[in-house]
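Colleague: Below you will find the structure I want to go over with you.
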Amino acid sequence: MRRLLLTILTGVISFVSYGQSIRLNQIGYYPSAEKIGVLNDGKEGDRFQVINEANETILEGRVGEPRFWNLSGEEVSILDFSGLKTPGTYHLSYNGENSHSFQIANNWDDPVLLGLLKAFYYQRASTELTEEFAGDYARALGHPDNEVIIHPSAASATRPVNSTISSPKGWYDAGDYNKYIVNAGISTYSILATYEHYATLLDDLSSDIPESSNNVADILDEAMWELEWMLTMQDPADGGVYHKLTHKNFTGYITPQTASEIDRFVVSKSTAATLDFAAVMAMASRLFQPLQNEFPGMSNTFLRAAEDAWKWAKSNSSELYQQPADILTGEYGDGNVNDEFQWAAAELYITTGNNSYYNDINLRSINASVPSWQSVSTLALISLARNQERLTEIAQNDLVRNKIITLANRLRSGYDLNSPYRITMTERDYIWGSNSVAANQAMILLNAFELTGEGTYLAAGNASIDYLLGKNPLGFSFVTGFGDQTPMDPHHRPSLSDRNTLPVPGLLAGGPHSLQPEGNCNYPSTLPAISYVDDVCSFSTNEIAINWNAAMVYATAGLQYYMRGLGNIKSFVLKNPKDLVALEGGIARFDIVTVGEGFTYQWFLNDEIIEGAIESSYIIEDVTLEDDSTFYSVRVTLNGETSTTAQARLNVMRDEVIDVITSTNENLDLSLQVYPNPTLNKIINLTSVELVKSLNVYDMSGKSVASIEQPNELIDLSGINAGLYLLSFRTLNNQLITKRLILK
Ligand code: G3I
Ligand code: 9MR
């Protein structure tokens, strides 16, 4: 009955789901990374192909077991093509359907990171975007914001109602033209943290902006555009910070220049805005401190601004933002500002070393959670973890570390064990801006990786990026302009009012969730993971926003940084040993995949040390039936730190296939030779190749790992892991010849 119900449900829902049945990262994968695609409605055990640009099948894999995902209402199977390691452009094929193409490359994500960063330039207020830097997206100056009206809610003795202030620059928040301090907070944090954590990657990265020719990393120049605006939002009379700078209502779909004719207001100081401001300013102060020549005095200005804001917040600790009746734009309201206090205290402590700020953090009370504009205490944890060498003696570094790791473990186990899509997203994550949840989950995982050197966190973070770039039930790569199927109609006023067919590139759409507040959008479903529509009407799923983009800048940069070995962690475990099937009399080989130098290994059989088994692979020659259901684990040691993997199981099958020649034809061609065997460089030679029609390579579990039509004399199997394989040749007269091959 249950089964029937699922089938009915799947049947109903599959016609509303989008796009192709194969969902994968539409841009690319690192050669050493795990590579997973997801197939809707596949048959377990069926073959899928990896096809190169010359249209050759270079690998085959088997469709995994279908599992039902209630958030998208479909059964999906994993397509694991991690064995593909040779750089190039490929697509997958299943049952005659081709996937989008993707790259295997060490720099596949360069354009994505640049695009995401460049998007901030396109969001700039108070400046003309020139053709030199903006190309087709050039536009006239919008919102000079040099005469912004003091709204009654913001009036004070020195700034009476209807007086004006100048508050230029900053980024437009999203698809609207307003500027909100709360959201500027986490957005600027993510951008500055990207630099603070991954400077060596960012120092040389040019996003081709007007400041590119100065001596400063472009990402810092971009942040400065926002920081300069933020400074103007502080009332110099008391240190309090206005909540937002806004039109009274959302404008129509008009250009920035046209919208500039409509009045702008600063509205109400708030505790949340003032604390987010303090946190970001304190952080900026330490990052711009070395740049005295380029930005004279700015580091001090930031610090003073942070301290003044902190003082205001301490004596105005519950000024929760109340939207005035005549103001109808975004609220960014928040009923709880404890976390904002904690974050600001942490950033001030890190920058000044003043212990009184430390006590204000109240570290024990922080319950680590994936950060958002409304929930920022985990930003404090991350900054503390990343600045340990600057901290005074009272810092509880272990506590910080444990909190981050506990959260990361939850995310990783979702991805590892519980998710049919092998992602970290669960039901609670499908909120407005769900895509930024995925990106911020990656941020947590990257930080857990930094703290532990445990590569499985990195793999889980990579999975979030795969999700955002297409490995999701909608089959969308959610960054405009990147991927085959990307949002074409985002709720983004500059894109809606310009002459271009394509939207401004590099913008991350908010993503699916079931709120559907619009009433007039044609959503395909109310299921959280597919409640999305690529239509301007959908401001709740298809708008873009600076905090979402900034989270993905961080995630993409972090992934690049570690995968390219730029960090302190140059050696890590990427994959643990997996269960194996071996043949009686054959060879079983367990591997732990480590990246970098310095590891030592000790293997265990059923928890007992195996003498002499101290390599990254453990090979059992001549497997017997008695080895069936034995368990293997490996203890890895790096610089005196050890950890032991979970046990992998060995399953043994009777040797009934090896070197068996199956044919009904009497004239068996035995002249076919494969050499060298074993082979070290994974290139093999064939004799009598003119008699061979095709070749299939199987691993010991019977999984096809390569398939070649009309092989040449030299066959390159370098995309395949070391191990024992079966080569199955089909000759022109339809004989099937099977040989075993050891790749070392
Ligand atoms: O806080 C509750 C939580 O307790 C509850 O469990 C959860 C269930 O859905 O809802 C939470 O509140 C949500 C809140 O975001 C925090 O996630 C609201 O339902 C949801 O409506 C609210 O959405 C915000 C939206 O503005 C509407 O206010 C988005 O986070 C926020 O990103 C978005 O921001 C807008 C700006 O206002 C204007 N500029 C564009 C920008 C992006 O769309
Ligand atoms: O266009 C607005 C978008 O930028 C906001 O994020 C969103 C949520 O506050 O609101 C959009 O404006 C809509 C308004 O809330 C209701 N009427 C329709 C507007 C969209 O055209």
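Colleague: If Lys and Arg each add +1 and Asp and Glu each add -1, what is the summed charge of the other residues whose beta carbon sits under 14 Å from the beta carbon of S365?
Modeller: Summing Lys and Arg as +1 and Asp and Glu as -1 gives -1.
Colleague: Dividing the convex hull volume of the Cα atoms of the stretch 109-395 by its residue count, what figure in Å³ per residue is obtained?
Modeller: Dividing the Cα hull volume of the stretch 109-395 by its residue count gives 132 Å³.
Colleague: Once you compute Rg and the Kirkwood Rh from C-alpha atoms, what is the Rg to Rh ratio for the chain?
Modeller: Value, to two decimals: 1.02.
Colleague: Give the calculated FRET efficiency between N568 and T406 to the nearest 0.05, with a Förster radius of 30 Å applied to their Cβ-Cβ distance. Don't skip to the end; give the middle numbers.
Modeller: Numbers: r = 23 Å, r/R0 = 0.75.
For N568 and T406, the calculated efficiency is 0.85.
Colleague: Using only Cα atoms, find the angle between the long axis of helix 397-413 and the longest principal axis of the chain, and express it within 0 to 90 degrees, rounded to the nearest 10.
Modeller: On a 0 to 90 degree scale, this one is about 60.
Colleague: Let me ask you something else. Can you flag which of K403/K578; K85/K570; K85/K703; K693/K739; K85/K578 are past 27 Å Cα-Cα? Provide the component values of the computation, followed by the final result.
Modeller: Numbers: K403/K578 29 Å; K85/K570 20 Å; K85/K703 17 Å; K693/K739 15 Å; K85/K578 19 Å.
Over 27 Å Cα-Cα: K403/K578.
Colleague: So, one more: Within a Cβ distance under 12 Å of V50, other residues only, what is the Lys/Arg minus Asp/Glu net charge?
Modeller: Working: positive: K35, R47, K85; negative: E53, E56, E60, D80.
Neighbour charge sum, excluding V50 itself: -1.
Colleague: Stretched out fully, how many nm does the piece from V689 to N55 gain, at 0.36 nm a residue minus the Cα gap?
Modeller: Gain in length upon complete extension: 226.1 nm.
Colleague: On to the next question. Once the Cα gyration tensor of the stretch 674-743 is found, what semi-axes does its equivalent ellipsoid get, as square roots of 5 times the eigenvalues, in whole Å, sorted largest first?
Modeller: 18, 14, 10
Colleague: Still on this model: Can you find, among N547, F341, A193, the residue farthest towards the positive end of the dipole of the chain? Put +1 on the C-beta of Lys and Arg, -1 on that of Asp and Glu.
Modeller: Of the listed residues, the answer is F341.
Colleague: OK, next. For the chain, what does the relative contact order come out to in percent, with C-alpha contacts under 8 Å and a separation of six or more? List each step's numbers first, then the result.
Modeller: Values: 1703 pairs, mean separation 89.8, N = 744.
The normalised contact order for the chain reaches 12 percent.
Colleague: Shifting gears a bit: Among the lysines, which have Cα under 18 Å from the Cα of K244 when same-chain residues fewer than 8 positions away are ignored?
Modeller: Reachable lysines: K169, K179, K269.
Colleague: How would the stretch 94-221 be classified by its alpha-carbon gyration tensor: rounded, prolate or oblate, with rounded meaning a/c under 1.5 and the a/b versus b/c comparison settling the rest?
Modeller: prolate
Colleague: Still on this structure: Let's test the formula: R0 of 41 Å, r as the Cβ-Cβ distance of I610 and L515. What FRET efficiency results, to the nearest 0.05?
Modeller: The pair I610/L515 has a calculated efficiency of 0.15.
Colleague: Give me the percent of the accessible area of the chain that comes from carbon and sulfur atoms, probe 1.4 Å, all protein chains in place.
Modeller: Answer for the chain is 47 percent, counting heavy atoms of protein chains only.
Colleague: A further question on this structure: Which order do peptides 216-225, 255-264, 623-632 fall in by mean Cβ count within 10 Å, highest first?
Modeller: Output ranking for 216-225, 255-264, 623-632: 216-225, 255-264, 623-632.
Colleague: Placing +1 at every Lys and Arg Cβ and -1 at every Asp and Glu Cβ, with all other atoms neutral, what dipole size does the stretch 418-488 have around its Cα centre, in debye to the nearest 20?
Modeller: Around 100 debye, computed over the stretch 418-488.
Colleague: Using the heavy atoms of the protein chains alone and a 1.4 angstrom probe, what is the accessible area of the chain per residue in square angstrom?
Modeller: 39 Å²
Colleague: Based on the Cβ-Cβ distance from L205 to Q374, what FRET efficiency comes out when R0 is 35 Å, to the nearest 0.05?
Modeller: 0.70
Colleague: Can you classify the stretch 571-655 as rounded, prolate or oblate using the Cα gyration tensor, where a ≥ b ≥ c are the square roots of its eigenvalues, rounded means a/c under 1.5, and otherwise it's prolate if a/b beats b/c and oblate if not?
Modeller: Here the stretch 571-655 falls in the prolate category.
Colleague: Place a +1 charge on the Cβ of each Lys and Arg in the chain and a -1 charge on the Cβ of each Asp and Glu, then give the dipole magnitude about the Cα centre in debye, rounded to the nearest 20.
Modeller: Dipole size: approximately 880 debye.
Colleague: Along the charge dipole of the chain, which of Q441, S93, A273 sits closest to the positive end, that is, farthest toward it, with unit charges on the beta carbon of Lys, Arg, Asp and Glu (+1, +1, -1, -1)?
Modeller: Result: A273, furthest along the dipole toward the positive end.
The values are calculated or read from the model by the stated rules, or taken from the named source; none is laboratory data. Bear in mind the structure is a predicted one, so any value in this text is a computation, not a measurement. Note: ideal-geometry Cβ built from the backbone for every residue, glycine included; neighbour counts use all protein chains shown. The area values use the complete protein model at the heavy-atom level, side chains included, leaving out ligands, DNA and RNA. Shrake-Rupley method; radii C 1.70, N 1.55, O 1.52, S 1.80 Å.
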